[in-house]
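No lab work stands behind these numbers, since they all come straight from the coordinates. Bear in mind the structure is a predicted one, so any value in this text is a computation, not a measurement. Note: ideal-geometry Cβ built from the backbone for every residue, glycine included; neighbour counts use all protein chains shown.
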Amino acid sequence: MVIQPKIRGFICTNAHPVGCAAVVSEQIDYIQGLGDLGDGPKKVLVLGCSTGYGLASRITSAFGYGAATLGVCFEKAPTERKTGTAGWYNTAAFHHKAKAADLYAETLNGDAFSAAMKQEVIDKIKADLGQVDLVIYSLAAPRRTDPVTGEVYKSTLKPVGQAYTTKTYDTDKDLVHDVSLEPANDDEIFNTVKVMGGEDWELWLDALSEAGVLAEGCKTTAYTYIGKELTWPIYGQATIGKAKEDLDRAASAINDKLSALSVDAHVSSLKALVTQASSAIPVMPLYISLLYRVMKNEGTHEGCIEQIAGLYKDCLYGSEPTLDEQNRYRMDGKETNDDTQAVIKGLWDQVTQDNFHELSDYAGYHHEFLRLFGFDVAGVDYDADVDPLVNW
Ligand code: NAD
């Protein structure tokens, strides 16, 4: 099969196995190029392990610290006629590399929100690892089925309190335009917190500790985005921000409940990046295109792997981690500092349909977007016939 990108709106509906494998290899090379990283995790559970920040966490754990990794993701397998999802191919490539390096790597594909998956993971840890000493929570999902009631909750991306009109960039139509977003009602806020809040993270830690598979002093972190004024109305102070606030509550609850085991839970705030999750959020493609331009000019641009390598070295396993007033690890300072934000705001105010491509780094954004699916990767022949059927 010759595989070329099929883009529909803000997603790409296919993926290239060779391109995905090349992107995974690049991340592994980056981590290995950092040399000895010192003390770190030994046995790691990564929830949301197949793309974005979760995949970078898995790669950092395995290839930076030699850890055994058990991953959970929700990906589609390929068929004769249809490619698998990017996360499927990333996971296959990761397994291949881990095996070659004699590193334990197993992945369970299914709904991480379900009680059945929690049990499967516990059984797997008992059988293969005994206990885990790090749990990464990196799920990004539009809906969640409550494991007790069976009710399906759907998240919404809306402002809270009042309507908001702002600029946005429609990647499909190549159009900068104003978008007006009506405020969410209480039900929509509640639903979003149910999906992306801390309840499931807490349920995971409860289940793992009850089953005796958490090592004493186990660390756990869930990822958040905080951002600044430009993104607050649609992210930080919007429905998704309410859900993310709930992660702070969950971190304290986990620390309190599991203090006898000295479990150490923190929320980690990371920078905005092109991932499958962020490209679905209105305003983010415009903001990230400007952010990339500014941070590349400042020499501070980072991708998922650089952010996560820093998080492990400076925060999770650092001797003096930077914590904010909410006890969160902060890796977003190079994006959210006032000087950088002022430059982005200057561009934001000027940006129009006519000058968008000149002022922004949309070319860089689009390149990164394609790479999420294994496209636009140097050295890959996109006219070649490739077998979509790749197994783990
Ligand atoms: P992503 O879409 O790249 O990854 C999501 C992962 O979750 C994938 O591995 C997917 O398979 C898995 N997943 C989704 N639903 C699942 C389910 N029901 N069961 C099992 N696995 C499931 O997302 P990302 O951008 O890497 O986001 C990860 C976390 O990082 C999120 O909490 C997000 O809010 C946070 N974050 C993202 C950004 C950003 O700019 N992308 C910035 C800061 C923080």
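Quick check: from the Cα gyration tensor, does the stretch 248-392 come out rounded (a/c under 1.5), prolate or oblate? In terms of gyration-tensor shape, oblate. If you bin all the Cα-Cα distances of the stretch 89-180 at 5 Å, starting from zero, the percentages per bin are 2, 9, 12, 14, 15, 11, 10, 10, 9, 6, 2.
Relative to the Cα centre, the charge distribution of the chain, modelled as +1 at Lys and Arg Cβ and -1 at Asp and Glu Cβ, gives a dipole magnitude of about 520 debye.
In terms of other Cβ atoms within 10 Å, Glu151, Glu335, Glu368, Glu320 run from fewest to most in the order Glu320, Glu151, Glu368, Glu335. Cross-link partners for Lys126 among the aspartates and glutamates, with Cα-Cα distance under 17 Å and sequence neighbours closer than 8 places in the same chain left out: Glu106, Asp206, Glu210, Glu216. Extension gain, Asp187 to Asp36: 0.36 nm times the residue separation minus the Cα-Cα distance gives 49.5 nm. Eigen-decomposition of the gyration tensor built on the alpha-carbon atoms of the chain gives equivalent ellipsoid semi-axes of 31, 26, 21 angstrom, largest listed first. At a Förster distance of 41 Å, what's the computed FRET efficiency of Leu389 paired with Lys334, Cβ-Cβ distance as r, to 0.05? With R0 = 41 Å, the Cβ-Cβ based efficiency is 0.50.
Taking the charge dipole of the stretch 7-371 about its Cα centre, with +1 at Lys and Arg Cβ atoms and -1 at Asp and Glu Cβ atoms, the residue from Leu261, Leu70, Ile344 reaching farthest to the positive side is Leu70. In terms of other Cβ atoms within 10 Å, Val23, Val390 run from fewest to most in the order Val390, Val23.
Of Ile136, Ile7, the sequence from fewest to most neighbouring Cβ atoms within 10 angstrom is Ile7, Ile136.
What pairs from Lys271/Lys334; Lys43/Lys99; Lys42/Lys76; Lys124/Lys257; Lys42/Lys219; Lys173/Lys345 go past 19 Å between their alpha carbons?
Checking Cα-Cα distances, Lys42/Lys76; Lys124/Lys257; Lys173/Lys345 exceed 19 Å.
Each Lys or Arg adds one and each Asp or Glu subtracts one; over the other residues with Cβ under 15 Å from the Cβ of Asn355, this totals -3.
Shape of the stretch 13-61 from the C-alpha gyration tensor: oblate (a/c of 1.5 or more and a/b not above b/c, with a ≥ b ≥ c the square roots of its eigenvalues). Projection of the Cα convex hull of the stretch 1-159, averaged over all directions and equal to a quarter of that hull's surface, yields 11.9 nm². When the Cα gyration tensor is reduced to axis lengths a ≥ b ≥ c, the ratio a/c is 1.5 or higher for the stretch 214-277, and with a/b above b/c it is classed as prolate.
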